[in-house]
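Let me begin by presenting the structure, written as structure tokens, before commenting on it.
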Ligand code: HSE
């Protein structure tokens with residue numbers, strides 16, 4: 001029996017659509033063991049305990065990629081990552097399935113190959129890169145293959161999630177985006193993404209505040225998040241450094257420095273419509289790991 005631990009991730013981070021991601025100390029733990037035949041999935045909600053389970057899909061994809069014959073497998077999932085909330089729960093399941101397949105069949109798998117296998121499952125590597133490498137990552141696809149770069153984050157910067165009760169479907173959130181963008185909006189976003197990487201690395205709050213603005217996805221997706229403007233205003237009023245939609249939503253994320261921010265944010269969101277769970281999160285710098 002092996003156990004893989006994979007962190008939650010917050011992707012896009014404003015101007016880094018499909019590119020930037022950050023790993024968080026909120027985890028999924030997936031235990032797996034070989035069985036003679038078939039598959040058994042436990043721990044997850046019953047609706048996910050079937051052949052469409054993401055851990056199982058990734059497990060089979062990894063076996064095929066590694067050229068290993070399939071026998072049976074038992075999978076047990078324990079996850080603190082909320083599902084379909086823009087916190088990388090699907091990426092965590094895929095990464096666990098791939099790492100589990102390699103570990104159970106005695107294969108070494110370096111992070112580059114692991115990231116490459118994820119690309120056969122989902123084409124945007126932002127969550128995967130952060131989940132695999134940990135920390136703050138920038139990912140790109142070169143010649144059809146994904147690569148990740150670790151970027152520094154200055155001490156003292158933390159994240160605080162605002163998690164609503166409603167889910168967001170990534171496919172629908174992607175369908176809400178226009179097929180083409182204006183050249184000036186693309187240039188705006190490149191400039192802001194580069195400034196954000198610099199701001200987070202240097203710990204310059206003013207740069208982060210200016211840089212987090214996006215024109216590629218947030219203007220379209222915020223309409224899918226009821227109460228977005230009021231929530232953002234409330235978080236800014238109590239002193240967040242920056243605020244953005246985490247992944248494709250529905251969670252919104254703030255970057256903060258003031259240790260009292262989560263408590264202030266809790267009070268600020270209480271009177272708002274909707275029910276927002278305020279969850280302060282530290283940055284995970286290890287990434288996915290085989291823990292037993
Ligand atoms: N970059 C992706 C998106 C993250 O925004 O659609 C969700 O998987």
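The values are calculated or read from the model by the stated rules, or taken from the named source; none is laboratory data. Keep in mind that what you see is a predicted model, and the values were worked out from it rather than measured. Cβ: placed from backbone, ideal geometry, glycine included. Neighbour counts: every protein chain shown.
Observations
- Close contacts from the range 150-175, counting a first residue that is under 25 Å from residue 241 (Cα atoms) and a second that is within 16 Å of the ligand (Cβ to nearest atom) and assigned to a strand (DSSP E or B), with Cβ to Cβ under 6 Å and a gap of 6+ residues or different chains, come to 150/137; 151/136; 151/138; 153/136; 159/253; 161/253; 162/252.
- Filtered residue count, the range 30-53, keeping only those that are buried (at least 22 other Cβ atoms within 10 Å of the Cβ) and either free of Cβ contacts under 8 Å to residues at least 60 places away in the same chain or within 15 Å of residue 81 (Cα to Cα) (or both): 1
- Close Cβ contacts (under 6 Å, 6 or more residues apart or on different chains) running from residues in the range 122-136 that are over 17 Å from residue 29 (Cα atoms) to residues that are part of a loop (DSSP other than H, G, I, E, B) and more than 9 Å from the ligand (Cβ to nearest atom) comprise 135/285; 136/153.
- Subset tally (residues that are within 12 Å of the ligand (Cβ to nearest atom), within 24 Å of residue 260 (Cβ to Cβ) and part of a loop (DSSP other than H, G, I, E, B)) for the range 218-248: 1
- Test for residue 112: is it touching a residue at least 12 places away in the same chain (Cβ under 8 Å), touching a strand residue (DSSP E or B) at 6+ places or on another chain (Cβ under 9 Å), assigned to a loop (DSSP other than H, G, I, E, B) and farther than 15 Å from residue 18 by Cβ: no
- Residues in the range 15-29 that are within 13 Å of residue 86 (Cβ to Cβ) and away from the ligand (no atom under 11 Å from the Cβ) were compared, and the one that is surrounded by the most Cβ atoms within 10 Å (Cβ to Cβ) is 22.
- Restricted to the range 115-132, and to residues there that are closer than 15 Å to residue 22 by Cα and in a loop (DSSP other than H, G, I, E, B), the residue that is farthest from the ligand (Cβ to nearest atom) is 125.
- Residue in the range 64-74 that is within 26 Å of residue 152 (Cα to Cα) and either touching a strand residue (DSSP E or B) at 6+ places or on another chain (Cβ under 9 Å) or at pLDDT below 95 (or both) present: no
- Residue 215 within 16 Å of the ligand (Cβ to nearest atom) and either within 24 Å of residue 150 (Cα to Cα) or assigned to a loop (DSSP other than H, G, I, E, B) (or both): yes
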